[in-house]
Amino acid sequence: MTFTLRYMTLHDVPQVAAIDRASFDLPWSERSYAYEVAESSYSYMAALEAVTIRQAKGWLRWLSAWNGSQRALEHLVVGFGGLWNVGDEAHISTIAVHPAWRGRGLGEILLAGMIRRSLALRAGFVALEVRVSNAVAQNLYRKYEFQVVGVKQRYYRNNDEDAYDMRLDLTDEAAVARFDQRLAALQARQPFIDRYSGGDRPRQTS
Ligand SMILES: CC(C)(COP(=O)(O)OP(=O)(O)OC[C@H]1O[C@@H](n2cnc3c(N)ncnc32)[C@H](O)[C@@H]1OP(=O)(O)O)[C@@H](O)C(=O)NCCC(=O)NCCS
């Protein structure tokens, strides 16, 4: 199995929106994702793709044996993230991993990729909001040294829940060095190809 972190495309939007619906009480529409991917000049949307080998079944197995290939590659979007960059601020707008793929370091790949992208954009800090009840996501952010800098009262309109305003200072050289070490450890634990954090944002057309 190979994991690739890359820019989200319009082709990914239906899979991304399905993961979003399975992950959040207030999901974004497919139209919102299409806007972020193809129209917004501030957005850097990431998709994490798994490539697996699918064994052919039934008559397809017979057909593929006949033409010499028993297997086909399957490309699946297993998670995604959203980053906005305005001035000094990089803002993580969303992050989610498909429920069936959680707990394998994939959320870390997405978060670390967006932090690297923020460093490449020369942002001074990364900010995000997280529900006060979302301990799993808070653990992930704390692992990457985000700190709570405030509380946004009744931020979530479905249940008036508060949000923590969490931030990571990118001007702290020692913290950036620790981030690089954490990223190397993550690569060793869950190898992935990164086509997102360093490369230019591709031009998308609808
Ligand atoms: C938050 C989310 C993206 C994490 O993705 P994931 O792939 O499951 O997380 P990872 O396997 O990369 O774990 C990274 C860290 O997250 C934390 N974490 C992950 N699962 C956890 C769990 N079940 N309980 C507690 N902490 C957990 C840990 O700190 C973990 O580091 P560790 O492995 O060293 O303990 C995923 O749970 C998700 O999609 N949740 C729904 C959407 C959401 O809440 N997004 C955040 C909005 S602010």
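Could you size up the charge dipole of the range 115-206 around its Cα centre, putting +1 on the beta carbon of Lys and Arg and -1 on that of Asp and Glu, and report it in debye to the nearest 20? Don't jump to the answer; show the numbers that get you there.
On the way: 16 positive and 12 negative charges, 67 e Å.
Computed charge dipole of the range 115-206: roughly 320 debye.
Kindly provide the helix-only [θ] at 222 nm of the chain, computed as the sum of -39,500 (n - 2.57) over DSSP H runs of four or more divided by all residues, to the nearest 500 deg cm²/dmol?
Dividing the helical sum by the residues of the chain leaves -10500 deg cm²/dmol.
Just the number, please: carbon plus sulfur as a percent of the accessible area of the chain, 1.4 Å probe, no ligands or DNA/RNA counted.
Of the solvent-accessible surface of the chain, carbon and sulfur hold 50 percent.
To the nearest 10 Å², what's Phe24's accessible area with a 1.4 Å probe?
Approximately 80 Å² of Phe24 is accessible to the 1.4 Å probe.
Probe 1.4 Å, all protein chains in place: accessible area of Arg195 in Å², nearest 10?
150 Å²
In whole Hz, what ³J(HN,Hα) sequence does the range 164-181 give by Karplus (6.51, -1.76, 1.60; θ = phi - 60°), x for Gly and Pro?
7, 8, 10, 9, 10, 7, 8, 8, 8, 4, 5, 5, 5, 5, 5, 4, 4, 5
What accessible area per residue comes out for the range 14-130, rounded to a whole number of Å², with a 1.4 Å probe?
Value returned for the range 14-130: 49 Å² of accessible area per residue.
Normalise the Debye intensity by I(0) for the chain, one equal point scatterer per Cα, no solvent, then take log10 at q = 0.13, 0.15 Å⁻¹ and round to two decimals.
After summing over all Cα pairs, the log10 values are -0.75, -0.97.
The values are calculated or read from the model by the stated rules, or taken from the named source; none is laboratory data. Fair warning: this is a prediction, and the values are worked out from it, not measured in the lab. Please note: Cβ atoms are built from the backbone with ideal geometry, for glycine as well, and neighbour counts cover all protein chains shown. Ligands, DNA and RNA are stripped out before the accessible areas are found, and what is left, the full protein with its side chains, is counted by its heavy atoms. Shrake-Rupley method; radii C 1.70, N 1.55, O 1.52, S 1.80 Å.
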